[in-house]
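Quick notes on the structure that follows.
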Amino acid sequence: MSFRKITSALALTLGLAFLAPFTGSATAATPAPAPVAVRTIYYDATQAQEFKAAVDEGAEAWNKAVPTISLKPATAGQATIRVYADNGWPRTMSQGFGRATIYMGREAVNDGFYPPRIAAHELGHALGLPDNRNGRCDYLMSGHSSPTSCKVTAPHATEAAQVKRNAGGFLSTTFTRQLQYTDCFKF
Ligand SMILES: [Zn+2]
């Protein structure tokens, strides 16, 4: 390390040491509630064709259930979740918390499943939830085990709680291996 680098590092340390008591006393004088860190996750549903509104609805359902996350439509190139439409089965390839490629497959829609619920389910994978085929309509991750008549888009409290934990650092944003969820709504 050069002398110049050492002196600038020292100056930075001293500077921070000087600032610390000031910020500390300001906080002590006016106690404020602990800020809630909101994790903004950008998604791109512009390629989701006829399912774009369904994806927006699914995203809103998650935002409402988990106040510490904010799924927002992306502008220019910032999306970490991309949603497409095709004629296959709905599926998600996840590369980390809030990082995924989703296909809104038409097979499940043709079978009668409700598109906003499919979107909310696939977004659940993008937020780190596995499939949970417990047959219950009040769980999003039950997928095809719940009846096609089920139109619930809100996650169950336990699903919301897990996503909150995932967002809080329980789950990495970069998996070493891609996770594939392909049998979501397939009988
Ligand atoms: Zn699934």
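Summary table below
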item: Entirely in segment 34-131, the strands (runs of 3 or more DSSP E) that have 1 or more residues that are more than 16 Å from the ligand (Cβ to nearest atom) and among the charged types (D, E, K, R); result: 39-47, 69-73, 81-86, 99-105
item: Boolean, Phe185 is under 22 Å from Arg91 (Cβ atoms), surrounded by 14 or more Cβ atoms within 10 Å (Cβ to Cβ) and more than 16 Å from the ligand (Cβ to nearest atom); result: no
item: Scope segment 143-154; condition within 13 Å of the ligand (Cβ to nearest atom) and crowded, with 22+ Cβ neighbours inside 10 Å; matching residues; result: Gly143, Ser146
item: Residue match in segment 87-99 (condition: in contact with a helix residue (DSSP H, G or I) (Cβ under 6 Å, 6 or more places away or on another chain), assigned by TED's automatic domain parsing to the domain that holds Lys164 and among the β-branched types (Val, Ile, Thr)); result: yes
item: Evaluation of Gln162 against (1) crowded, with 20+ Cβ neighbours inside 10 Å; (2) within 14 Å of the ligand (Cβ to nearest atom); (3) farther than 15 Å from Gly58 by Cα (one fails), failing number; result: (2)
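The values are calculated or read from the model by the stated rules, or taken from the named source; none is laboratory data. Small disclaimer: the values here were computed from a predicted structure and weren't measured. When we count neighbours, we look across all protein chains shown, and the Cβ atoms used for this are built from the backbone with ideal geometry, even at glycine.
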